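Right, one structure below, let's go through it.
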Amino acid sequence: MFLSIIIPAHNEEQRLPPTLTAVDAFLDRQNYLSEIIVVENGSQDLTAVVTEAFAATHPRVKLIRESGRGKGLAVRHGMLEAQGDYRFICDADLSMPIAEVVKFLPPRIDHYDVAIGSREAPGARRFNEPPYRHFQGRVFSNLVKVFAVPGFEDTQCGFKCLRGEIAEDLFRVQVFDGMSFDVEMLYIARKRGYKILEVPIDWYYRSESRVHPIADPLRMLRDILLIRRNWHTGRYQAKRPT
């Protein structure tokens, strides 16, 4: 299996069907084996039902039901169930066109451990984003740069790719179930000495974003401090793959 695409999905019955259609159609045109893993976690709508209906006629789609809530929990479950040599986190809103995934894979790039989609790196393009939302994003990014993972302009973009063995190493020790999971994952990756790349992407603002402008930055700062403490107390010191 070359590529696994993991889609965390909480209350996504409206946005998920067109996303699955687009992702599956893209993968149909590729010459490698692939899978789409939808991790439904704690939804109160028909997310699981619409996924099962789609999977019934599209064999590469797999549904995982996770009763707990949290994007980090969903991604961790999907990453550890995936079989791909490369494992790609994909937001259900598909704010990055799925064709952009080729930027994360050989032959476009190679010899990396973690590749993170960036809306700020040279060559990236943002579409339809209100200025206030861009400002909120920079607040998040600067918190992460100062306190956790210096040197990267956009750690919070929802599109990231990891080599399979690196994904298994990081997500077996990563513990945050909520939105800070990717900062935690990148912090551990940096401490492990893994090679991290920023990949400039085209990104389209979706008005359904669930980010809270005040509570979420405060929660992020709290989580960053916990991540640093976890590292220094040995919480993440599991054996690396050989």
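Around the amide H of GLY117, modelled in the peptide plane, lie the amide H atoms of PHE159, LYS160, CYS161, VAL199, all under 5 Å away and 5 or more residues distant in sequence or on another chain. Say we join alpha carbon atoms closer than 10 Å with springs in a Gaussian network model of the chain; which of PRO200, PRO122, PRO17 then has the biggest fluctuation? Greatest mean-square fluctuation among the candidates belongs to PRO122.
If I take R0 = 35 Å and measure r between the Cβ atoms of THR57 and LEU80 in this structure, what FRET efficiency does the formula 1/(1 + (r/R0)^6) give, to the nearest 0.05? Computed FRET efficiency for THR57 and LEU80: 0.85. When you filter the trypsin sites (Lys or Arg not before Pro) in segment 123-207 for DSSP loop state and at most 16 other Cβ atoms inside 10 Å of their Cβ, you are left with LYS195, ARG206.
Between the alpha-carbon centres of segment 102-142 and segment 149-195 there is a gap of 15 Å. What Kirkwood Rh does segment 26-107 have if only Cα atoms enter the pairwise 1/r average? Answer in Å. Kirkwood hydrodynamic radius for segment 26-107: 13.9 Å. Of the residues ASP93, ASP85, ASP28, the one that moves most in a GNM of the chain with alpha-carbon contacts below 10 Å is ASP28. Here the simple spin-label model places points 7 Å from the Cα toward Cβ, and for VAL175 and ASN128 these points are separated by 4.0 nm.
Length, then width, then depth: along the principal axes, the Cα atoms of the chain run 48, 45, 38 Å. Using the Karplus relation 6.51 cos²θ - 1.76 cosθ + 1.60 with θ = phi - 60°, the per-residue 3J(HN,Hα) values for segment 84-89 come to x, 5, 10, 10, 10, 7 Hz, with x marking Gly and Pro. For the options SER95, SER67, SER141, a Gaussian network treatment of the chain with springs between C-alpha atoms closer than 10 Å singles out SER67 as fluctuating the most. For segment 14-25, putting each phi into the Karplus relation 6.51 cos²θ - 1.76 cosθ + 1.60 with θ = phi - 60° gives couplings of 7, 7, 5, x, x, 5, 4, 4, 5, 5, 5, 5 Hz, in residue order, rounded to whole numbers and with x for Gly and Pro. Working note: 222 nm ellipticity from helices only, DSSP H runs with n ≥ 4, each -39,500 (n - 2.57), summed and divided by the residues of the chain, gives -12000 deg cm²/dmol to the nearest 500. Beta bridges from DSSP with both residues in segment 3-232: antiparallel share about 20 percent, rounded to the nearest 5. Binning the C-alpha pair distances of segment 98-242 at 10 Å intervals from 0 yields a P(r) profile of 11, 41, 36, 12, 1 %, listed from the shortest bin outward. Near ILE5, the amide H atoms lying under 5 Å from its own belong to GLU35, ILE36, ILE37, PHE88; only residues 5 or more places off or on other chains count, and H is placed 1.01 Å from N.
None of the figures in this text is laboratory data; all of them are computed from the coordinates on show. Note that the structure is a prediction, hence the values are computed from the model and not measured. Cβ: placed from backbone, ideal geometry, glycine included. Neighbour counts: every protein chain shown.
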